[in-house]
Amino acid sequence: MKKVYKVMSALSISAVLLSACGSGGSSSSTEALDLENVEFPLKEKVTLKFITQSSPLAPEDPNEKLIYQRLEKQTGVHIDWKNYTNDSFIEKRNLAVASGDLPDAIMDAAYSDNDLLQLADDGAIIPVEDLIEEHMPNLKKVLEQAPEYRAMITAPDGHIYSFPWIEELGSGKESIHSVDTFPWINQQWLKNLGLDMPKTTEELKKVLIAFKTQDPNGNGKADEIPMSFIINKGGEDLAFLFGSFGLGDNWDHTVVTNDGKVTFTANQDGYKEAMKYFNELYKEGLIDEEAFEQDFNTYLSKGKDERYGLYFTWDKANITGMNEKYELMNPLAGPSGEINVARTNGMGFDRGRMVITSANQNVELTAKWIDQLYDPIQSVQNNWGTYGDDKQQNIFEYDKEKNMLKHLPLEGAAPVELRQKTNIGGPLAILDEYYGKYTTKPDDAAWRLGLMKDVMVPHMKAENIYPKVFFSLEELEKLSKIEADLFAYVHRKRAEWIKTGKVEEEWQEYLAELDRLGLKTWLKIKQDGYDRNAASAE
């Protein structure tokens, strides 16, 4: 978004939009329909104009996708698409809309909270809460089943300006998002050296020393890398190991205690103790020197060569392959004997997935069309792909008797590529209770969820995560300004201390700098948002 805003801010885009609407420059459908008692399919076809994005692997015209062809037959609504590839979409979306080419709606909109609030403030997009209440029974039912999402899509002014994407896989602590950085240990090396899976941080240190000094791959060369990661990079960071020393850490350095207190992880005593431990590993030569600068391709290359004793990522299949050579390492007891797995604040949720513009003359019809996307069977297809396609490989087979979509074997196909060719993204809702009723779980997701439940969940102490709070424009501006410097400083010291070991002597100075950079203000805004969200979800 930063790149786009160098071209044109959301504010200026909105101003041009409104000017275009007033001057007749809009390309949206202009004929308003009498929607009283309208039912799908319409007796006469109506065209709506949408902007969207898709993978370069997908058809240039979205209407070539079987899902959209079925939707048109089902509704009688034809969509005139202006489609851009993912890599250029945001810039093209802004420029197209700013030029006065205002559509009826924008799907897969990729709007940030700041975008939504700016566009709403300028009247370029419309509030949709009344449309949901009156014309969208599928989405209304989702929000009744899971009221926390209503709280998350409601702006601070009380309006809803966009339609969300919701994908649950597991719930609560058993959500697939509860931990993103899994530690994968070389089971083959443990076996070769007659070692057990480490259970404590000290045992891990001894195992890593053995990996370094005892030639576990048996090639007579000291080419093993005991431990590697990509510092400060989401699922490839070593954040998982912080849990052995206290509250733990995650990608946004935010955890919620069980009494509802929003806490910054990177100023806790346990964080400091973890840094001391990592420096011990570094001094022993157990940490990959490239861990502080390598990109993902370098990380991947060494993983494919099976040079790692321990590494971190979401799914080992992405780095070392789906085989038995690497196994998920159990959470480790730290110096105090405590074991903790810190939860991330990740969710399968995107607030700004679709908006209706103020140029739309048929908002009720548009809302009814969008509501079709929230039908459970439709949502499953939107997310993964469809069935019955005689031109390419299918994701599902459809059991008409059970009204259920069952995942088919991939037969060697790359799941991401197949999904990008056939799904439509867009707004959707897949709640955890849909599995086993409307669809099956993908094999890779079911496998990871099993690991989460068996290995991670028993050691998760936190009952809550920090939700997707909808902050005001003023709050967003303050948070963004603080985080730009605060997080950069934390990340720089994180890398430095692993190498220098100076965390103890620099700790007080570090805490003072965090305060100078606005940590107390940041915590207050985050706490206020958490409390506000909790109250509205009740």
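The values are calculated or read from the model by the stated rules, or taken from the named source; none is laboratory data. All of these numbers come straight from a predicted model, not from anything done at the bench. FYI the Cβ positions are ideal-geometry reconstructions off the backbone, even for glycines, and counts take in every protein chain you see. Ligands, DNA and RNA are stripped out before the accessible areas are found, and what is left, the full protein with its side chains, is counted by its heavy atoms. Shrake-Rupley method; radii C 1.70, N 1.55, O 1.52, S 1.80 Å.
Couple of notes before you dig in:
- For Ile339, the conditions (1) more than 27 Å from Gly234 (Cα to Cα); (2) in contact with a His (Cβ under 6 Å, 6 or more places away or on another chain); (3) open to solvent by 20 Å² or more (accessible area, probe 1.4 Å) are fulfilled apart from (1).
- Residue list for the range 500-519, restricted to those being part of a loop (DSSP other than H, G, I, E, B), among the aliphatic types (A, V, I, L, M) and open to solvent by 50 Å² or more (accessible area, probe 1.4 Å): none
- The range 426-455 - residue that is free of Cβ contacts under 8 Å to residues at least 24 places away in the same chain and of a type in the set (A, V, I, L, M, F, W, C) and, of those, farthest from Asn382 (Cα to Cα): Trp447
- Ala445 vs. criteria out of contact with any helix residue (DSSP H, G or I) (no Cβ under 6 Å at 6 or more places or on another chain), small (Gly, Ala, Ser) and not in a loop (DSSP other than H, G, I, E, B): yes
- Residues considered: Ser301, Ser379. Of these, the only one that is small (Gly, Ala, Ser), outside any loop (DSSP other than H, G, I, E, B), open to solvent by 10 Å² or more (accessible area, probe 1.4 Å) and without any contact (Cβ under 8 Å) to a residue 60 or more places away in the chain is Ser301.
- One residue stands out in the range 103-133 among those that are among the acidic types (Asp, Glu) and touching a Ser or Thr at 6+ places or on another chain (Cβ under 8 Å): the one that is surrounded by the most Cβ atoms within 10 Å (Cβ to Cβ), namely Asp104.
- Condition check for Glu401: touching a residue at least 60 places away in the same chain (Cβ under 8 Å) and out of contact with any Phe, Trp or Tyr (no Cβ under 8 Å at 6 or more places or on another chain): no
- Looking across the range 218-232, the residues that are under 36 Å from the mean Cα position of the chain (by Cα) and either hydrophobic (A, V, I, L, M, F, W, C) or assigned to a loop (DSSP other than H, G, I, E, B) (or both) come down to Asp223, Glu224, Ile225, Met227, Ser228, Phe229, Ile230, Ile231, Asn232.
- Here is the figure for the range 277-295: residues that are open to solvent by less than 30 Å² (accessible area, probe 1.4 Å) and either free of Cβ contacts under 8 Å to residues at least 40 places away in the same chain or part of a helix (DSSP H, G or I) (or both) total 5.
- Test: residue in the range 240-258 that is open to solvent by less than 10 Å² (accessible area, probe 1.4 Å), part of a strand (DSSP E or B) and in contact (Cβ under 8 Å) with a residue 12 or more places away in the chain: yes
- On the stretch given as the range 190-207, residues that are closer than 21 Å to Val455 by Cα and part of a helix (DSSP H, G or I) total 8.
- The criterion of being of a type in the set (Gly, Ala, Ser), outside any loop (DSSP other than H, G, I, E, B) and more than 30 Å from Ala534 (Cα to Cα) holds for Ala274.
- Residues of the range 148-159 satisfying the condition of being open to solvent by less than 60 Å² (accessible area, probe 1.4 Å), assigned to a helix (DSSP H, G or I), over 28 Å from Asp80 (Cβ atoms) and touching a strand residue (DSSP E or B) at 6+ places or on another chain (Cβ under 9 Å): Tyr149, Met152
- Within the range 171-209, restricting attention to residues that are of a type in the set (Asp, Glu) and surrounded by 15 or more Cβ atoms within 10 Å (Cβ to Cβ), the residue that is nearest to Ser336 (Cα to Cα) is Glu202.
- All positions within the range 358-367 that are surrounded by fewer than 22 Cβ atoms within 10 Å (Cβ to Cβ) and not in a loop (DSSP other than H, G, I, E, B): Val363, Glu364
- A single member of Leu208, Leu190, Leu241 is hydrophobic (A, V, I, L, M, F, W, C) and closer than 30 Å to Glu463 by Cα, and it is Leu241.
- Screening Ser23 with (1) open to solvent by less than 80 Å² (accessible area, probe 1.4 Å); (2) modelled with pLDDT under 95 gives one miss only, at (1).
- Test: residue in the range 397-405 that is charged (D, E, K, R) and under 21 Å from Ile51 (Cα atoms): no
- Residue match in the range 486-503 (condition: free of Cβ contacts under 8 Å to residues at least 60 places away in the same chain and under 23 Å from the mean Cα position of the chain (by Cα)): yes
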